[in-house]
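For reference, the structure discussed in these notes is given below.
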Amino acid sequence: MPRPASAAAASPSDTSRPGRLREAFYGRLHGKTLRPGQARSLETLLPQLALDLVEPAPADLRQVFSGTVEAVRLEIGFGGGEHLLSMLQRFPRAGFLGAEPFVNGMAKMVAALDAEPCDRVKLFSDDATCLLDWLPDASLAGIDLLYPDPWPKPRHWKRRFVSAANLDRFARVLVPGGLFRFASDIDSYVAWTLKHCGAHAAFDEVAAAPADRLVPYEGWPGTRYEAKALREGRRPRYLAFRRVAHAAG
């Protein structure tokens, strides 16, 4: 959810390093110096929570969790973890994958899980496209991409996460009827996403009218970034697209 946009630094963990180059959808990887407790949780707990992409994914993705789950959801770029943590509480029978390359965001999430352990969450601290390519077909009930870096300059638009290639990835890993949800306060990125999803045969928008896009998702907890956007006069949009059962992808 936060929008880091500077030079890259070291990733917080090398335990799930994929065997190909990253794609450039995010900026800097490190912010302020971590508090001692955050650094300790990151060092000790993240290796236990991290997905291992060295081994092939299990045919049944639910097997990556030690807890019992009925469905699996993914959040890409979970920032400080506010939304992901709320989803863990709201859906007690679901397992969650969280991808976040920004060290400080990952540290906040791991510290929260250190304080309140949960056996229904796995984390990935690198490029989410590597994780998407690792996942089995039709293995996710939902994908959330909330307040991603908008890359507002036209020369950077190729770095936006919503693209034809990534929508192909989403279509492959989502179950028929599964939802891709996208939230942003940047009008150009909202329009970009509507255009790309509208052009993709695997996705239908859930909203019946433009006004529906102004309504937060059910159970939406809000985030610090969203609060800042509202203070500065930017209006968020909450988009949702259903994976069409008959579409190939």
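A quick yes/no check of all residues on (1) open to solvent by less than 20 Å² (accessible area, probe 1.4 Å); (2) under 10 Å from the mean Cα position of the chain (by Cα):
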| residue | (1), (2) |
| --- | --- |
| Arg62 | no, no |
| Phe65 | yes, no |
| Ala71 | no, no |
| Ile76 | yes, yes |
| Ala99 | yes, yes |
| Asp119 | no, no |
| Thr129 | yes, no |
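Within the range 212-223, which residues are of a type in the set (D, E, K, R), more than 19 Å from Arg90 (Cβ to Cβ) and either in contact (Cβ under 8 Å) with a residue 24 or more places away in the chain or assigned to a loop (DSSP other than H, G, I, E, B) (or both)? It would help to see each step written out before you state the result.
Narrowing the range 212-223 to residues of a type in the set (D, E, K, R): 212-213, 218.
Those still in the list that are more than 19 Å from Arg90 (Cβ to Cβ) too: 212-213.
Correct list: Arg213 only.
Determine whether the range 232-246 contains at least one residue that is touching a Gly at 6+ places or on another chain (Cβ under 8 Å), open to solvent by 60 Å² or more (accessible area, probe 1.4 Å) and at pLDDT 95 or above. Can you show your working first?
Filtering the range 232-246 for residues touching a Gly at 6+ places or on another chain (Cβ under 8 Å) gives 242-243, 245.
Add one more test, that the residue is open to solvent by 60 Å² or more (accessible area, probe 1.4 Å), and what stays is 242, 245.
Next, only the ones that are at pLDDT 95 or above stay: 242.
Yes - at least one qualifying residue is present in the range 232-246.
Would you call Val162 closer than 21 Å to His83 by Cβ and in contact with a Ser or Thr (Cβ under 6 Å, 6 or more places away or on another chain)?
Values: closer than 21 Å to His83 by Cβ: yes; in contact with a Ser or Thr (Cβ under 6 Å, 6 or more places away or on another chain): yes.
Yes.
Within the range 136-190, the set of residues being closer than 17 Å to Arg243 by Cβ and basic (Lys, Arg) comprises Arg169, Arg172, Arg181. Just one residue in the set Phe170, Phe241 is in a helix (DSSP H, G or I) and within 16 Å of Glu75 (Cα to Cα); that residue is Phe170. Within the range 197-208, one or more residues are open to solvent by less than 10 Å² (accessible area, probe 1.4 Å), assigned to a helix (DSSP H, G or I) and without any contact (Cβ under 8 Å) to a residue 60 or more places away in the chain. Taking the criterion of being hydroxyl-bearing (Ser, Thr, Tyr) and not in a strand (DSSP E or B), the residues of the range 173-196 that qualify are Ser188, Tyr189, Thr193. For beta carbons closer than 6 Å, sequence separation of 6+ or different chains, a first residue in the range 162-187 that is over 24 Å from Trp220 (Cβ atoms) and in contact (Cβ under 8 Å) with a residue 12 or more places away in the chain and a second that is open to solvent by less than 10 Å² (accessible area, probe 1.4 Å) and not in a helix (DSSP H, G or I), the qualifying pairs are Ala171/Ala202. Scanning the range 209-226 for residues that are open to solvent by less than 60 Å² (accessible area, probe 1.4 Å) and over 19 Å from the mean Cα position of the chain (by Cα) yields Ala209, Arg213. Of the residues that sit in the range 139-154 and are open to solvent by 10 Å² or more (accessible area, probe 1.4 Å) and modelled with pLDDT of 95 or more, which one is nearest to Tyr225 (Cα to Cα)? By that ranking, first place goes to Asp144. Screening Ala165 with (1) surrounded by fewer than 19 Cβ atoms within 10 Å (Cβ to Cβ); (2) under 12 Å from the mean Cα position of the chain (by Cα) gives one miss only, at (2). Considered as a group, the residues in the range 48-95 that are among the hydrophobic types (A, V, I, L, M, F, W, C) and touching a Gly at 6+ places or on another chain (Cβ under 6 Å) include one that is farthest from Arg181 (Cα to Cα), and that residue is Phe65.
Note on the range 168-189: residues that are of a type in the set (A, V, I, L, M), open to solvent by less than 10 Å² (accessible area, probe 1.4 Å) and out of contact with any helix residue (DSSP H, G or I) (no Cβ under 7 Å at 6 or more places or on another chain) amount to 3.
The values are calculated or read from the model by the stated rules, or taken from the named source; none is laboratory data. Keep in mind that what you see is a predicted model, and the values were worked out from it rather than measured. Virtual Cβ from ideal backbone geometry, glycine too; neighbours counted across all protein chains shown. The area values use the complete protein model at the heavy-atom level, side chains included, leaving out ligands, DNA and RNA. Shrake-Rupley method; radii C 1.70, N 1.55, O 1.52, S 1.80 Å.
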